[in-house]
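The values are calculated or read from the model by the stated rules, or taken from the named source; none is laboratory data. Note that the structure is predicted; figures quoted are calculated from it, not measured. A quick note on method: Cβ atoms are made from the backbone with ideal geometry, for glycine too, and the neighbour counts reach across all protein chains shown.
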Amino acid sequence: MTISLQEAPAYLVRRGLIAPRDIVDRRLVLTEIVRRNVSLRVETHGGPRLLLKQAIGPQGEFAVRNEAAVYRWLARPENAAVHHLLPRFVDLDAAENLLIIELLPEAEGLDAYQARRRRMPPSFAADAGRGLAALHGLSLDAGVPGLAHLAGEPAWALSIHRPALPLCQDATPASSELFQIVQRYPEIGEGLESLQAGWRADAFLHNDPKWDNWLLVREAAARKRPQLKLADWEAAGAGDARWDVACVLAGFLETWVRSIPLTEGASIQHLAGLAAYPIERLHPAVTAFMVAYAALRGLTDGPLWLAECVRFSAPRLLEIAYAESQRSEVLSGHALILVQLALNILRRPAQAVGLLGLE
């Protein structure tokens with residue numbers, strides 16, 4: 001059961017999250033956001049600003065509890081290297097399966113910033129690279145939080161060519177078509193199984209560092225450069241550091257693909273040349289991200305490691321296409337391009353490194 005907008009004021013007062021006077025004197029504003037979970041934005045004028053994440057279903061309950069455990073673990077003194085990335089953890093209401101964290105003021109996702117400004121500043125990409133590197137540098141010796149059935153396991157997208165029964169049962173017609181296309185190409189399955197065999201749990205991962213989870217936070221009346229935060233830690237846990245890096249690289253590729261106009265009858269090669277956001281315009285940001293990440297991690301096998309990260313971006317692109325297909329009855333042209341791009345990366349990873357401007 002979720003807390004409705006009508007029930008929220010009394011709940012907030014009862015939990016001590018706001019005072020009764022905040023409801024009127026500080027002009028309490030509540031906004032409901034429905035995605036994987038139901039979230040409530042709680043805003044007051046000059047008072048508390050909170051985000052309440054409410055679980056939907058058993059998977060949602062696991063995710064909310066995991067996210068709370070992750071915030072608590074990352075807030076430890078020994079993990080101070082990543083404290084600047086985190087929204088402040090406030091509370092977990094275990095009875096209601098409800099996570100309460102700080103609502104970041106004036107926050108804008110990097111995807112929204114990029115769409116609005118038509119560019120990705122290399123300085124922001126470098127901040128993301130250093131942030132992920134700091135996260136991956138945390139010690140796993142003392143044990144880390146993570147969903148028990150996911151801890152250290154390969155990302156599910158590495159098995160998308162062999163979808164589990166629940167995925168097939170929940171598939172839309174578009175998702176079913178996607179599965180059929182993926183299974184049509186043996187190179188995809190072989191490539192994914194190779195990546196799966198080489199998976200190693202060597203770092204603590206965010207597991208979903210897509211651009212809309214990177215938030216630019218501007219302090220009111222402050223002119224300094226915005227601070228970069230990383231939100232939505234519900235899938236975080238131990239895993240392969242190359243996966244998180246691949247998720248960011250796939251984000252650059254997705255930005256390019258989404259800007260390609262779709263015209264019936266034209267070849268992908270022709271349409272790619274008409275992209276509103278050519279891949280070459282993203283090269284400075286891609287390079288800044290990778291250079292910042294590698295420098296902080298102290299990587300010594302840079303070229304080989306980079307090629308492996310690029311290969312891991314292929315299943316991430318398939319995961320992105322799948323997520324889109326679950327919201328549609330018909331597989332979109334952009335989803336088809338993402339699948340083709342994933343296939344090309346698995347076939348010719350060296351060319352994919354060049355495509356990203358990382359040669």
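Below, the figures for the structure above:
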item	result
In the range 172-226, the residues that are touching a strand residue (DSSP E or B) at 6+ places or on another chain (Cβ under 8 Å) and either surrounded by 18 or more Cβ atoms within 10 Å (Cβ to Cβ) or assigned by TED's automatic domain parsing to the domain that holds Pro87 (or both)	Ala201, Ala203, Phe204, Leu205, His206, Asn207, Pro209, Trp211, Asn213, Trp214, Leu215, Leu216
Residue identified as at pLDDT below 95 and out of contact with any Cys (no Cβ under 9 Å at 6 or more places or on another chain) among Ser139, Ser194	Ser139
Residue in the range 45-54 that is modelled with pLDDT of 90 or more, within 21 Å of Ala134 (Cα to Cα) and either part of a strand (DSSP E or B) or in contact with a Phe, Trp or Tyr (Cβ under 9 Å, 6 or more places away or on another chain) (or both) present	no
Among (1) of a type in the set (Gly, Ala, Ser); (2) in contact with a Gly (Cβ under 8 Å, 6 or more places away or on another chain); (3) not in a helix (DSSP H, G or I) - the single one Ala81 does not satisfy	(3)
Test for Leu99: is it outside any strand (DSSP E or B) and either modelled with pLDDT of 90 or more or under 18 Å from the mean Cα position of the chain (by Cα) (or both)	no
Yes/no for Gly273 being closer than 25 Å to Ala125 by Cα and among the small types (Gly, Ala, Ser)	yes
Residue check, Asp301 out of contact with any strand residue (DSSP E or B) (no Cβ under 9 Å at 6 or more places or on another chain), farther than 26 Å from Ser159 by Cβ and in the same structural domain as Gln340 (by TED's automatic domain parsing)	yes
Hey, Glu153 within 28 Å of Leu336 (Cα to Cα), assigned to a helix (DSSP H, G or I) and of a type in the set (D, E, K, R) or not	no
Among (1) surrounded by 19 or more Cβ atoms within 10 Å (Cβ to Cβ); (2) closer than 30 Å to Gly137 by Cα; (3) touching a Gly at 6+ places or on another chain (Cβ under 8 Å), the one test that Trp73 misses	(3)
Odd one out for Leu12, checked against (1) buried (at least 20 other Cβ atoms within 10 Å of the Cβ); (2) touching a residue at least 40 places away in the same chain (Cβ under 8 Å)	(2)
